[in-house]
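What follows is one structure encoded as structure tokens, with my remarks underneath.
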Amino acid sequence: MGRLWLGPCPIVTQALPPIDTTPELAHPFEIVSVAAATAPSGTSGGTWFRYEICQGPNRIVGFRAGNKDGVTEHVRLMVLRLNERRRHRRGRVHVVLDGARRTGKLQ
């Protein structure tokens, strides 16, 4: 299935404190909108909301059923987790099990 291009994320005009000043973390994930929507095709009933999240030029659009407060909280926690994942150091981790350290191979 093809992707839907909605254009670049809107420019924030109000001053917000940056999460981090390092280049790779300069653009945190942010909630753009949470608005009532019609149910996606293949679903039935319920109250649906469409949410948008952006991070620099990247955009995530999703749908979730529920009430506005519940959906907004869900999206807020998702943005929090996405930003936390970006903060971890990248690289390889070498895990050595107890027996492997002495013999050089797993037991």
Worksheet, complete the sentence: When every residue in region 32-70 that is in contact with a Cys (Cβ under 9 Å, 6 or more places away or on another chain) and surrounded by fewer than 13 Cβ atoms within 10 Å (Cβ to Cβ) is compared, the one farthest from residue 83 (Cα to Cα) is 57
Response to the item:
The number of residues in region 66-107 that are at pLDDT 85 or above, of a type in the set (S, T, N, Q) and part of a helix (DSSP H, G or I) is 2
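The values are calculated or read from the model by the stated rules, or taken from the named source; none is laboratory data. Here the structure is a predicted model, which is why all the values come from computation and not from measurement. Ideal geometry is used to build each Cβ from the backbone, glycine not excepted, and the neighbour counts take in all protein chains shown.
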